[in-house]
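Let me begin by presenting the structure, written as structure tokens, before commenting on it.
The values are calculated or read from the model by the stated rules, or taken from the named source; none is laboratory data. The shown structure was predicted, so the numbers you read here are calculated from the model rather than taken from an experiment. Every residue, glycine among them, receives a Cβ derived from its backbone with ideal geometry; neighbour counts consider all protein chains shown. When the accessible area is computed, the model is the full protein with side chains, heavy atoms only, and any ligands, DNA or RNA have been set aside. Shrake-Rupley method; radii C 1.70, N 1.55, O 1.52, S 1.80 Å.
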Amino acid sequence: MKNWKYSLLLLGGIGISNIGGWVYLIALNLIILNETGSPLAVAFLYILGPIATICSNSWAGSLIDRVNSRKLMIGLDISRALCIALIPVLPSLFYVYVLVFIINIGSAMFEPTSMVYMTKLIPEKDRQRFNALRSFINSCGTLIGPAIAGALFWMGTPDTAIYVNSVALMLSAFLILLLPNVDSQTVPSETEKLSWKMIKNDFKMVYKFSQTNTFILKVYLLFVGMTIFMTALDSLEAAFAKGVIGMSDTNYGFLLSIFGTGIILGSLINTIFSKQLAVNLLIGAGSVFTAAGYIALYSSHGFISAATGTFMIGFAITFANTGYLTFYQNNVPVKMMGRFSSLFSMVEAFFIIVLTVIIGLAAELTSIRPVGLIGSFTFLLLGMIAFKVVTAKRRKVHFEEKLTLNN
């Protein structure tokens, strides 16, 4: 009961932060659009995230694995809250972009830090259910966040929404403050100052672990590949729905709600049947059906068929995410988890930028539907590879036992 009390506090902090993140994103888009009138200026916001990841994660993992993860999470939440609160009073757009870049660095560090903390806090037997609940909380944020943003815009201005997100991050920091310290046994030698030599040695350690545990690396890279394809294909979604199918703004809003409904339903099934659902099948089947959902979406010619594909994406992705996260937590040693995820996050961010630009240019020069379908079928091929890799009988041990490196 004590463990679940802490789990619920952690989920509460994640949920509040996620809802605030949606409010912040929508408000920031409107602030930039109102000030410039340029869609390109808004699009640049989405490039800042991956760029911040590339700039920070070369050294962030070394820091995350050597400091108190709970204190770092609190510090990152408070720092982001203060930075976000400054956005409405900045004198020019240049300073807004600089501050958003700094906020994105904080967010890029928060993700692996929270993963390390979760892995230490949640017992192995409860991780699959916790990950399903986390997915459910995040999906609720996908639905509630835009609704709160809309209400705040009606009551005030985008600046009001920005301040609300700042308060939300402070509340998230307070909830994390109530959680236990899981790093009390940190050895003094692990708190040495950050240096280039340390970062270089950490890179070698991750490389050595990856060479020794090629199967773990392969599964993790399949997950990274899935994230890259989803991000790139999602960048075409609005243009496809409105420009190709001819949806109205209202219908497009309904389409996003259907996506959120699929996530909520999938998360509930994952939570209720967490003991019955095998992790390898979650990964394999989830990856294949997520790709199939994109094929259905970019094959659609009307709202109903597009809604079917969108629902399938939302429903299937919860199974894949829960499976991948549980596998990752159970097989990557927690002492090097920050370094491992940070290093490969840089690779992920680089290819997200490259593939998104390629797909965007291809859609601009040719047509959105064929580009979306080619990307979706390539994604399906990746999903089929993932299914084959994780269901191989000789690999069953990775989905049933924790490696001794974690002990």
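General remarks:
- Residues in the stretch 243-287 that are without any contact (Cβ under 8 Å) to a residue 24 or more places away in the chain and either touching a helix residue (DSSP H, G or I) at 6+ places or on another chain (Cβ under 6 Å) or closer than 12 Å to Ile317 by Cα (or both): Tyr252 only.
- Unmet requirement for Leu373, which otherwise passes all of (1) at pLDDT 85 or above; (2) more than 21 Å from Gly293 (Cβ to Cβ): (2)
- Any pair with Cβ under 6 angstrom, 6 or more apart, that starts in the stretch 145-170 at a residue that is small (Gly, Ala, Ser) and ends at one that is surrounded by fewer than 19 Cβ atoms within 10 Å (Cβ to Cβ) and part of a helix (DSSP H, G or I): Ser166/Ala85
- Yes/no for Ser184 being at pLDDT below 80, open to solvent by 40 Å² or more (accessible area, probe 1.4 Å) and either among the basic types (Lys, Arg) or in a helix (DSSP H, G or I) (or both): no
- Checked against (1) open to solvent by less than 30 Å² (accessible area, probe 1.4 Å); (2) closer than 21 Å to Cys140 by Cβ; (3) of a type outside the set (Ser, Thr, Tyr), Ile269 passes all but a single condition, namely (1).
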